[in-house]
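Heads up: the structure comes next, in structure tokens.
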Amino acid sequence: MTTAKFWILFAGILLAANGQAPGDTLDPSKPLVDGETLASTRGIFELGFFRPGNSSNQYLGIWYKEIPDKPVVWVANTNTPINNSKGVLNLTANGNVLLLDKGANIFWSTNTSNATYPLLQLLDTGNLILTETASKKILWQSFDHPSNTFLPEMKIGLDFKTNLDRYLTSWRSTSDPTPGDYTYRMDPHGVPSVYIWEGSSQIFRTGPWDGKGWSGRPDMASNGVLQFEFFANDNEIYYTCKPFDKAVLGRAVLNESGVLQRLVWSPTRNEWIPYWAVPSDPCDQYATCGANGICTTSYSPICQCLDGFTPKSPNDWNLRDNSEGCVRKTPLNCSSDGFLPLENVKLPDTSNASAVSNMTLDECQNLCLKNCSCKACSIIRDSMCLIWTGDLVDVRAFTEGGSDLHIRLAASELDTVGSYSSRKISSAITIIIPLLSFLLLLCVASLLWLKRRNSGKVLNSYSFRSKGNDWELPLYDMLTIRDATNNFSKDNIVGMGGFGLVYKGKLGDGQEVAVKRLSKDSVQGIDEFKTEVVLIAKLQHRNLVRLLGCCIEDEERMLIYEYMQNKSLDNFIFDKRKSALLGWQKRLDIIIGIARGLLYLHQDSRLKIIHRDLKTSNILLDNDMNPKISDFGIARTFSVGQTEGSTRRVWKLWKESRCLELLAESSYPVFEALRCIQVGLLCVQEGSEDRPMMAEVVLMLCSDSIILPQPNRPGFYIARSCVEGNCFSNEFTITMLEGR
């Protein structure tokens, strides 16, 4: 051992023995040893040594200091853990940061040098920076070398001057931060997008930046909590996000399964609240419908050919193998072609697209027509013209949001616009009646607001009636809601989603309420508001959350619900401590209550409603743990995620007569538990005609005298993907849009 290394270790031992607290900085005079930490100024983040899970390996990392479980956001030595020893972090006098063990072996280094008076500091953003004290120049920072977590103010993208590529890499497992199979990184080719990769295969694409967010994820746009920004010039290209309120803690994590999930910390609920995740449904999977196909979760099957195109392999397409994609019905002639506009879509893969700035749509289309190879065009960011010369890959449709794509077609095809556009018109017609009702409600509310404003009186409620839709709906004024929520204090936040935030409030009479405040920038919020106002106001059932009223003032739109003290079912199911509070009988009561609520929605209410987004977070529990279904207007797409994996495992264990392995507790009545599993499998059979009606489901759950049929195979969708001649099967759950 060299003399220098000896003194480094000796100094570290002395510091540990004396118990000195390093604060938020480290200089060459004081190494950081195992058991000591650096804490950022406000105590948000902490740097030190940790062992993940049950691992004996030691790592240097950064984690949230005051949040339970101390989630790790950055790891230095992901590839070189310290085994059976204790670590020492040392900053040398010339500015190199070294991670050593007791034997003075180097496990990680910043590889920096030639600095005068270097200083290592942990910031409240979670960024660990190495600076030169005199010049304050940043020599190295952890934000340039992300692990699996994307923090606000961090950049995802490339610095061309320094050849730096900032991207996320998944962990191998929750107890092993070794780099896993997935990465989340910017592709600068053509018009830049960000992809999730599994090795060298793309599994998700954001689409190009449209000026507000990524074309492929309208719900990722700025939403009142985080502001996303995109930057590109000759030196670097990246995107980042910043919180509107620095007190709000958020992170995005690329997990071990390749899902990027954005989470926001709720101090009221003392837990991380999922904000969005990608990929979240089959249409998020890259190129699900092949070349020149379009994916939509609003219809079944989810894959269709773009107008003017037909399946390349009809037989495979009928079997729902869409990997071959679609081909043109009529070739382009390069002289009399025209364009078919396609609205609200995720733009095709832009890795081979080109862009021209400062153009109108007409100029963009003329530019495309002059190029016989041009297949489509689009205008983004108000004046940037995108041109595609190859196949249109990875297109999906949204109910709202997304971008407009102009597909080049032969003149003969333009005369017979295809089925997709017809379906869009049909879909638009189905919302005209509730839209008119909403507009009438809005007009009445506006008049009453003006009257109240002029008279100085506070409007407490209003009974609203319209032709064909009559209901009584209290209308609350903004002053009342602000008082109830303590001026929308962040301490009153009890939930959040793509629509905005949910606050706990207390009205003047002492009644506790939940206030859903739609974000002004929310892509889906206004439509969801219309849907819930029209649908929920007339629904009354003990297993449905009751809408108490709404608030419409200026740009504000809010829904006021009864407040559920026990919050949502996922707080109990996925919490080991709280889960123990749910005995078998209570779990069975909750299952039956949910079934009865669905039966009312499908059959007994005046309006026949299909929820389409039923999950544990949308099942609320009252004081007596009675379940109440919520969020009827939130459902937009069929989510797959963990549902598909769970269903397949249920099914596999059922066929092998090993279903008891699903039970977390051995004290459950075996017969009743197996009956619930069997009923669940009957509800997800591949053929919709085989699935029981909700009335039958309730009867099956409530009576053990009924002999249940054996379930058939669940509805898995099988798609083949081929890489270098090797074909693989990818399965997705398909749910028919049919309330039973």
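3J(HN,Hα) along region 260-276, derived from phi through the Karplus expression 6.51 cos²θ - 1.76 cosθ + 1.60 where θ = phi - 60°, amounts to 8, 10, 8, 10, 10, 7, 9, x, 5, 8, 6, 7, 7, 9, x, 9, 6 Hz, with x in place of Gly and Pro. Once C-alpha pairs closer than 8 Å and six or more residues apart are averaged by separation and normalised to the residue number of region 283-430, the relative contact order reads 30 percent. Distances between placed amide hydrogens fall under 5 Å for LEU548 paired with ILE560, TYR561, GLU562, all partners being 5 or more residues away or on another chain.
Provide TYR182, TYR239 in ascending order of the number of other Cβ atoms located within 10 Å of each residue's Cβ, fewest first. Walk me through the numbers before you get to the answer.
Numbers: TYR182 23, TYR239 20.
Final ranking by Cβ density, sparse to dense: TYR239, TYR182.
Just want the ordering: LYS155, LYS586, LYS161, from fewest to most Cβ atoms lying within 10 Å of their own Cβ.
Details: LYS155 21, LYS586 16, LYS161 9.
Least crowded to most crowded, the residues run LYS161, LYS586, LYS155.
Couplings 3J(HN,Hα) of region 476-485, computed from phi: 8, 8, 4, 4, 4, 5, 5, 5, 5, 9 Hz, in residue order, whole Hz [Karplus 6.51 cos²θ - 1.76 cosθ + 1.60, θ = phi - 60°; x for Gly and Pro].
As a proxy for reagent exposure, HIS189, HIS611, HIS145 were ordered by neighbouring Cβ count within 10 angstrom, fewest first; the result is HIS189, HIS145, HIS611.
Where a number appears in this text, it was derived from the coordinates with a stated rule and is not lab data. Keep in mind that this is a model prediction, so the values were computed, not measured. Positions of Cβ are backbone-derived with ideal geometry, glycine not excepted, and every protein chain shown enters the neighbour counts.
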